[in-house]
Amino acid sequence: MNSLVRQRILPWRHTFSTNSRHQTIKPISELPGRISPSYIPRPQNTLLSLQWPFPPRNILITKKKRTPGITNSLIEYSNHLHSTYPAINIILEPGAAQEIHSQVPFPIYTYTEPPPNTSPAHLSDKTDLVCTLGGDGTILRASSLFAHAATVPPILSFAMGTIGFLGEWKFKEYKRAFREVYMSGAVDAYAKLSFPDPLPSSPDDPLDKPLSYADIRGKSMGSSRNARILLRNRLKVGVFGPDGNRINRSTNDGDTYALNEVIVHRGSSPHLKIIDVFVGGRFLTEAVADGMIISSPTGSTAYSLSSGGSIVHPLVPSLLLTPICPRSLSFRPLVLPAETPITLRLGEKNRGREVEVSIDGKRISEGIGVGMEVRVLGEEVKSETGEWCGGVPSIVRGVVGMEEKEEDHWVGGLNALLKFNYPFGDQDGGGR
């Protein structure tokens with residue numbers, strides 16, 4: 001590829017130093033293809049087991065923006081992955097790549113920002129594993145990068161944000177957490193592979209030692225102690241204008257997938273909206289409200305919860321239909337089977353003639369008029385052959401050190417974050 005063509009693909013490249021081959025940003029199109037793991041059902045347990053056919057190579061890391069402390073953590077994490085797993089390639093979002101490429105001694109890969117309502121080119125075809133450094137918003141942003149892909153790579157999340165309801169790991173655990181994910185399902189398969197020559201070093205921490213299968217064979221988790229996967233169902237969303245043309249158009253004209261919710265709301269209009277609601281193809285009601293929320297079980301603890309919706313366990317295949325400030329107090333939130341199609345249509349009686357539609361916090365379009373429809377269906381997470389696919393595979397705690405635990409972390413995390421029955425004030429009378 002000549003320099004002129006490369007500058008057209010990566011217009012920022014001319015600002016980089018050409019004296020060092022390390023301090024560069026490369027396009028993800030140069031990376032090898034994606035390695036997709038298998039998700040194996042486990043007896044008497046609702047979690048799945050992660051099993052790699054080959055070691056993952058291309059790691060996408062997303063971070064919370066405009067947070068210097070997390071930027072430093074990103075540099076630390078990237079350096080650890082490169083020195084300990086020399087075959088790994090680091091993929092960053094364009095802004096993060098520009099921010100740290102000159103501070104790491106190896107190339108960084110990134111993509112060109114896509115047009116609205118589309119996903120970055122090549123990203124879903126190249127990414128083996130996603131790591132997030134931030135809060136729930138960072139996980140949602142990472143998921144939205146694959147909003148037009150039928151399958152999402154496994155996501156390893158480190159809670160470094162404000163709430164952290166979806167985050168599983170503390171950042172200080174990153175070395176052990178990543179090694180357990182990297183070695184998940186690796187017994188004889190990895191032993192037959194050759195690893196790059198390790199870089200010379202004398203690390204104090206054994207988890208910083210350049211990877212050699214002989215070094216960690218006795219510590220690999222094996223086929224019976226793989227990393228655990230909580231498969232979070234997404235929503236399959238189609239937005240159509242009054243003329244019947246699709247608005248959330250992607251490169252393949254497919255639906256958009258949402259991890260949290262799709263919202264039809266009045267936006268800046270002062271008027272309530274009149275929305276015709278259809279469930280399973282049948283007319284349910286004419287809702288008069290500020291808007292309507294259709295959320296997944298994962299999104300049940302987000303905007304839907306603030307609007308009075310139920311809390312639903314992420315493993316319950318369902319859709320939540322929640323009105324936003326309805327005029328009639330008799331309109332209550334509904335929980336429906338995931339395979340039930342829901343349609344929201346902007347009715348003819350509206351005084352304000354337009355609404356706004358947001359999918360996972362991203363506004364699809366302004367000024368969608370009367371006759372607009374939002375069609376939502378739960379995502380299928382099993383193939384015709386019975387294999388687990390689709391959804392957002394979230395890596396959760398299943399193995400701690402050499403001990404295996406089968407606890408439901410969602411239950412403990414729910415009470416810790418929402419503080420059910422938490423006492424008011426100092427109940428012991430011994431204030432500090």
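Taking the conditions exactly as written (in a strand (DSSP E or B) and in contact (Cβ under 8 Å) with a residue 24 or more places away in the chain), does I311 satisfy them or not? I'd like the intermediate steps shown before the answer.
Values: in a strand (DSSP E or B): no; in contact (Cβ under 8 Å) with a residue 24 or more places away in the chain: yes.
Criteria not met by I311.
Can you tell me which residues in segment 219-246 are at pLDDT below 80 and not assigned by TED's automatic domain parsing to the domain that holds P55? Steps first, please.
Quick first cut of segment 219-246, residues at pLDDT below 80 only: 219-225.
If the condition is that a residue be at pLDDT below 80 and not assigned by TED's automatic domain parsing to the domain that holds P55, then no residue fits.
Between T301, T285, which is assigned by TED's automatic domain parsing to the domain that holds I359, crowded, with 20+ Cβ neighbours inside 10 Å and not basic (K, R)? Spell out the reasoning first.
Details: T285 fails: crowded, with 20+ Cβ neighbours inside 10 Å.
Only one candidate passes the filter, namely T301.
In segment 395-410, is there at least one residue being more than 30 Å from V264 (Cβ to Cβ), outside any loop (DSSP other than H, G, I, E, B) and modelled with pLDDT of 80 or more?
Narrowing segment 395-410 to residues more than 30 Å from V264 (Cβ to Cβ): 395-409.
Adding the requirement that they be outside any loop (DSSP other than H, G, I, E, B) leaves 395-396, 399-400, 403-404, 409.
Retained after the next criterion (residues that are modelled with pLDDT of 80 or more): 395-396.
Among the residues of segment 395-410, at least one is more than 30 Å from V264 (Cβ to Cβ), outside any loop (DSSP other than H, G, I, E, B) and modelled with pLDDT of 80 or more, which makes the answer yes.
Name the residues in segment 259-278 that are more than 16 Å from M372 (Cα to Cα) and at pLDDT 95 or above, would you?
L259, N260, E261
Report the residue count in segment 255-282 for those that are assigned to a loop (DSSP other than H, G, I, E, B) and surrounded by fewer than 16 Cβ atoms within 10 Å (Cβ to Cβ). Reasoning before the result, please.
As a first pass, look at segment 255-282 and keep what is assigned to a loop (DSSP other than H, G, I, E, B): 255, 259-260, 266-272, 280-281.
When the remaining residues are screened for being surrounded by fewer than 16 Cβ atoms within 10 Å (Cβ to Cβ), the result is 268, 270-271, 280-281.
Here the count works out to 5.
Among the listed residues G308, G371, G347, G386, which satisfies the condition of being over 22 Å from the mean Cα position of the chain (by Cα), farther than 17 Å from M292 by Cβ and not hydroxyl-bearing (S, T, Y)?
On the way: G308 fails: farther than 17 Å from M292 by Cβ; G371 fails: farther than 17 Å from M292 by Cβ; G347 fails: farther than 17 Å from M292 by Cβ.
Sole residue among the options that is over 22 Å from the mean Cα position of the chain (by Cα), farther than 17 Å from M292 by Cβ and not hydroxyl-bearing (S, T, Y): G386.
Mind checking which strands (runs of 3 or more DSSP E) fall wholly inside segment 20-136 and carry at least 2 residues that are modelled with pLDDT of 95 or more and among the hydrophobic types (A, V, I, L, M, F, W, C)? Quick ask: steps written out before the conclusion?
Details: elements: 25-27, 38-41, 48-51, 58-63, 89-92, 108-110, 129-134.
In segment 20-136, the matching strands (runs of 3 or more DSSP E) lie at 58-63, 89-92, 129-134.
What number of residues within segment 262-306 are within 14 Å of E356 (Cα to Cα), among the charged types (D, E, K, R) and in contact (Cβ under 8 Å) with a residue 60 or more places away in the chain?
So the count comes out to 2.
For residues that are over 21 Å from A96 (Cβ atoms), touching a residue at least 24 places away in the same chain (Cβ under 8 Å) and either buried (at least 22 other Cβ atoms within 10 Å of the Cβ) or not polar (S, T, N, Q) (or both), tally how many sit in segment 130-174.
Count: 5.
Pick out the one residue from P333, P323, P317 that is in contact with an Asp or Glu (Cβ under 9 Å, 6 or more places away or on another chain), farther than 26 Å from G369 by Cβ and touching a residue at least 12 places away in the same chain (Cβ under 8 Å). If you could, list the steps in order and put the result at the bottom.
Details: P333 fails: in contact with an Asp or Glu (Cβ under 9 Å, 6 or more places away or on another chain); P323 fails: farther than 26 Å from G369 by Cβ.
Residue meeting the stated conditions: P317.
The values are calculated or read from the model by the stated rules, or taken from the named source; none is laboratory data. Nothing here was measured: the structure is a model prediction, and the numbers come from that model. When we count neighbours, we look across all protein chains shown, and the Cβ atoms used for this are built from the backbone with ideal geometry, even at glycine.
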